Amino acid sequence: MEIKQVTLHTTNIDEMKRFYTGTLGLDLVDDTENKFCIAVGSSILEFTHVNAKVNPYYHFAFNIQRNKFNEAKSWVKGKVSLNREDGADEADFPHLSARSLYFNDPSGNVVEFIARHSTSDTSDEPFSPKSILNISEISLTVPDVIKVGSQLMALGIKERDNDPLSATSLNFMGDPTDEVFVLLVQPGRKWIFSDKISAIFPLEITLANEEKITVDDKYEVIVTSSHTH
């Protein structure tokens, strides 16, 4: 599985554009009055302006080159405060052979940079936005995890460890060899390295084979494959 594009909503589009293109220095690939797209390695991240009482927020992760974690941490710390959990400003996941850091963007999204030791991509160049490989994780908060998880499994997107779907914990949906996951969860779960609680907001996830996962304005979840278009 590969995430081609993720479209998220925000109430402060101008500040978000300044943050991602100015502060982080990601390439702007499309820009209109009410939305903008940035290149995240081989993926596209789009933010669309909405008028809403609550600023939508999500959790997403970017894969970075495996030998660049320490450099990435210094680079991010020079631009924004790192989030902390139990006094630590990074997470070590021995079972995943990965290390992560977290920070918030101006909309309150929980942004993660993750260096997976299984990633073959390395570089001798200093860390820069070019060291970001792709969107590796995107939260999908839905009213009914079991129902939506079953729809994803019908597309061949299985739980990472082939465990049963859980309505009470985080479900990593995707093949571990791809190092890309949809984080399927119900509302009310705290995101690590954050005070944010998972909540349902509209989004659209487009996969490389044109499969789409959409949460619409009514919080209906629509899963479509290229065969159903």
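Please treat every number below as a calculation from the coordinates, not as lab data. Predicted model, so just to flag it, every value in this text is computed and none were measured. Cβ sites come from the backbone with ideal geometry, for glycine too, and all protein chains shown count toward neighbours.
Amide H contacts under 5 Å for residue 40: 45, restricted to partners 5 or more places along the chain or on a different chain, H placed in the peptide plane at 1.01 Å from N.
Summing Cβ point charges (Lys, Arg +1; Asp, Glu -1) relative to the Cα centre of the range 123-199 gives a dipole of roughly 380 debye. Between residue 147 and residue 82, the contour length at 0.36 nm per residue exceeds the alpha carbon distance by 19.9 nm.
Residues in the range 145-151 carry Karplus couplings, in order, of 4, 5, 5, 5, x, 5, 5 Hz; the curve used is 6.51 cos²θ - 1.76 cosθ + 1.60 with θ = phi - 60°, and Gly or Pro positions show x.
Applying the Karplus relation 6.51 cos²θ - 1.76 cosθ + 1.60 with θ = phi - 60° to the range 104-118 yields 3J(HN,Hα) values of 9, 8, x, 8, x, 5, 8, 9, 10, 9, 10, 10, 9, 5, 7 Hz, where x marks Gly and Pro. By the beta-carbon count within 10 Å of each Cβ, the least crowded to most crowded order of 119, 10, 32, fewest first, is 32, 119, 10.
Close amide H contacts of residue 136 (hydrogens built in the peptide plane, cut-off under 5 Å, sequence separation of 5 or more or a different chain): 61, 62, 63. Pairs from the list 79/130; 147/190; 77/212 with a Cα-Cα gap above 26 Å: 77/212. Look at 16, 173 and count the other Cβ atoms within 10 Å of each Cβ; fewest to most, that gives 16, 173.
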